[in-house]
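The next block holds one structure in the form of C-alpha cells; read it before the comments.
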Amino acid sequence: MRFHPRHAAAGVSTRTVGRVGTPRGADYSLPMTTDAILSSAAAPGADYAATASEAYRAALRVIESVEPRIAAATRQELADQRESLKLIASENYASPAVLLTMGTWLSDKYAEGTVGHRFYAGCQNVDEIEAIAAEHARELFGAPYAYVQPHSGIDANLVAFWAILATRVEVPALGEAGVKNVNDLSEAEWERLRAKLGSQRLMGMSLDAGGHLTHGFRPNISGKMFQQRSYGTDPVTGLLDYDAIAAAAREFKPLILVAGYSAYPRRVNFATMRDIADEVGATLMVDMAHFSGLVAGKVFTGDEDPVPHAHIVTTTTHKSLRGPRGGLVLATAEYSDAVDKGCPMVLGGPLEHVIAAKAVAFAEARQHSFRAYAQRVADNAQAFADGLMRRGATLITGGTDNHIVLLDVQSFGLTGRQAESALLESGIVTNRNSIPADPNGAWYTSGIRFGTSALTTRGFGPAEFDRVAELVVEVLSNTTADGTSKAKYTLVDSASDWVRAAAGELLDANPLYPGLTL
C-alpha cells in the first residue's frame, strides 16, 4: 500500500489524547496570496523580538548567577552566529519561540514508552505535548502516522531499521514458533532469529555520490547491522541512473532500499524508487533529513515528495525544517506499531522539552510563511549556483534544483580541506564534502557543500546570493595549495580582508534575530 494522505482515514492509530486540534486563528489551510508571500520574508520571531529579548535577558541573568562562564559563552555564541556567513547545508536558525520552548521543566519528566502507554506515572502533560507534536507532523506531511521521539537523525534511522526488521523478520519468526514475544522463544529459536536479523541486506546511495554514513556504511552502526551495497550516479552527468539502480537491486535483492541524500544537489523520483523496491520485494525507506523543509513547504510535490511513496520516511527536524535538533519518523499502517515501540527498542527516555519544541516548529511550518520561505530557499540555491558557474566554477551535476550546491574545487587547484579553511579564514562557513569518484578521499575531499537554508532565514535573496558567489570565487581564486600537504594553503591577505568586509555588509543588512537584544 502506497504511503498517501488518504490513508489517514483508514483506521491507523494516532494515539491522540486530550483536546488536540487546530488553534483558533491559525492559518494552516488558507490559500496563500501574493501579499502573504511578499510579507513572509521577515525573519521568524521578528514580531515578538522585544518579548523574546526580555525572556533571554532574564534567563541569562539566572544562569549567570550560578555559572557565569556558561552565560558568557551563550552570549558570545549569538554574537559569533550573527557575524558568520553560514552556508552549511545541515544548519539553520530556529525561531526564538522554538528555542525558548526547550528551556522548561519538561526536561525533568521521564516518559519512556508512548502516548497513553508509559512506564512511568504522571505523564498526562507530556502525553498531550507528544500528541500535539505528532498531530502537527501528520498534517504537515500528509502522513497517517508520526513518531516524534527520536533524539537525532541517526536515532530516527535506527528506529526505522529496527521497525522494518521487527515487521519483516521478527514477527514472521514468532508466528512460525507459535509465540507472541521473543521472551517465549527457546534458546535455539532465539539464536536462529538473531542470526537472521543480522544477515539482512540494505542498499543505499554511495557516500561519494551524496549518501550518508547512517545508510549502511561500516564506520556507522548501520553498516554493522546489514550487508550493504551502494548505488551511485552516472559518471558523466552526476545524476541518479534509475535503470542502473533497478539492475543492482535485482541482483542484490535488499530487504531495505534507502533513498535520500546529504550531498546530492538534485531531486529524486520517489515513485520510481518505490517501483524498484516493489519489484525486488524491498521496503522503501526515505531519509529526507536534508530536504524535509522543501517537502513541508510544498516545493517538492508529486513524485518528488517521498511521503506518498515510501513505507517509512525519516528526517531530522533542525535542517531545512528549521526546528530544534531532533528526529522524526513517518510510517504506513504496516510499520506504525513497530515504530511506536522505538522507546525502549532503540531509544532512551524521550526528551519532552525538545518534543515540545518540535510541536512549535511543526506549527510554524504549517503556516503559509513557511511555504514562501521554502520556495525562497530553492530559488536562492539556483541563484547561487548560477552565480558560481557564471564566474567559472564547476558544480557537480551542473547546477541544483534543491537547496544544495556542490562545488568541485579541483578547478581552483585545491582540496576540499584547503578550500574550506580558506573560506573560513575569510568569514564564510562551509563544509568540505566528497564528490563522485573523489581522488582525495573522504577526509580531504575535492568538494565544498553549500546550503541556502540558513542565510535565507536571515533574509538573503537572489541578489545577495549572487554576491556570496562572487565572494566565494574571490577567496578560492586567491588561494594557493601547498604542494607538500593536502591541508596547507596560502591565501592572499588583501583578498581575505576584502571578502570579510563585503560579507560583513551583507550580514549587517540581514541581521540574525532582528530586534533581539541581550
Taking the dipole about the Cα centre of the chain, with the C-beta of Lys and Arg at +1 and of Asp and Glu at -1, give me whichever of Thr301, Thr283, Phe460 is farthest to the positive side. Thr283
Sorted by chain and then number, the residues having a modelled amide H within less than 5 Å of the amide H of Ala259, at least 5 places away or on another chain, are Met285, Val286, Asp287
Stick to Cα atoms and the Kirkwood definition of Rh, then tell me Rg/Rh for the chain. 0.97
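Grab the beta carbon distance between Asp278 and Thr394, set R0 = 41 Å, and tell me the FRET efficiency rounded to 0.05. List each step's numbers first, then the result.
On the way: r = 37 Å, r/R0 = 0.91.
After rounding to 0.05, the efficiency reads 0.65.
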Residue separation between Ser53 and Arg229 times 0.36 nm, minus their alpha-carbon distance, gives in nm 58.3 nm
Please list, in chain and number order, the residues 5+ apart from Leu185 or on another chain whose amide H is under 5 Å from its amide H, with Hs placed from the backbone. none
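Order these by the 10 Å Cβ neighbour count, fewest first: Leu388, Leu207. Could the numbers behind the result be given before it?
On the way: Leu388 25, Leu207 21.
The order, fewest Cβ neighbours first, is Leu207, Leu388.
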Provide the per-residue ³J(HN,Hα) series for region 257-263, in order, calculated from phi with Karplus coefficients 6.51, -1.76, 1.60 and θ = phi - 60°, each as a whole number of Hz, with x at glycine and proline positions. 9, 9, 10, x, 7, 10, 8
Cα-projected label distance for Asp337 with Tyr110, points at 7 Å along beta-carbon direction, nm: 2.8
Alpha carbons only, please: Rg and Dmax for region 369-509, in angstrom. 14.6, 50
For region 327-344, Karplus-derived ³J(HN,Hα) couplings (6.51, -1.76, 1.60; θ = phi - 60°; whole Hz; x for glycine and proline) come out as x, 8, 10, 10, 8, 7, 4, 4, 10, 5, 5, 5, 4, 5, 8, x, 10, x
Estimate the FRET efficiency between Ala501 and Glu187 by the formula 1/(1 + (r/R0)^6), using the beta-carbon distance for r and 56 Å for R0, to the nearest 0.05. 0.20
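Quick one: dipole size for the chain, taken about the Cα centre, charges +1 on Lys/Arg Cβ and -1 on Asp/Glu Cβ, in debye to the nearest 20.
Approximately 440 debye in magnitude.
So if each residue of separation counts as 0.36 nm, and I subtract the Cα-Cα distance between Arg194 and Ile70, what length gain in nm does that give? Please list the in-between numbers first.
Numbers: separation 124, 0.36 × 124 = 44.64 nm, distance 4.61 nm.
Gain on extension, Arg194 to Ile70, equals 40.0 nm.
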Kyte-Doolittle cut-off -1.0, length cut-off 20 Å along the helix's own axis using Cα: show which whole DSSP H helices in the chain pass. 49-66, 68-82, 124-141, 368-390, 462-477, 493-509
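Could you give the length gained on full extension between Ala244 and Leu518, defined as 0.36 nm per residue of separation minus the Cα-Cα distance, in nm?
Details: separation 274, 0.36 × 274 = 98.64 nm, distance 5.52 nm.
Between Ala244 and Leu518, full extension yields an extra 93.1 nm.
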Treat every Asp and Glu Cβ in region 369-509 as -1 and every Lys and Arg Cβ as +1, leave all other atoms uncharged, and give the resulting dipole magnitude about the Cα centre to the nearest 20 debye. 340
The equivalent-ellipsoid semi-axes of region 113-365, taken as the square roots of five times the Cα gyration tensor eigenvalues and listed largest first in whole Å, are 28, 26, 14
Cα-based count: Lys pairs in region 113-365 below 23 Å, eight or more positions apart or different chains? 11
Identify the residues of region 302-330 with backbone N under 11 Å of a label point that sits 7 angstrom from the Cα of Asn269 along the Cα-to-Cβ direction, or state none. 303-304
Based only on other Cβ atoms within 10 Å, what is the fewest-to-most ordering of Val329, Val468? Val468, Val329
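Computed from the coordinates by the stated procedures, all read-outs in this text should not be read as laboratory data. It should be emphasised that the depicted structure is a prediction, and the values quoted were computed from it without experimental measurement. Methodologically, a virtual Cβ is constructed for each residue, glycine included, from the backbone with ideal geometry; neighbour enumeration extends over all protein chains shown.
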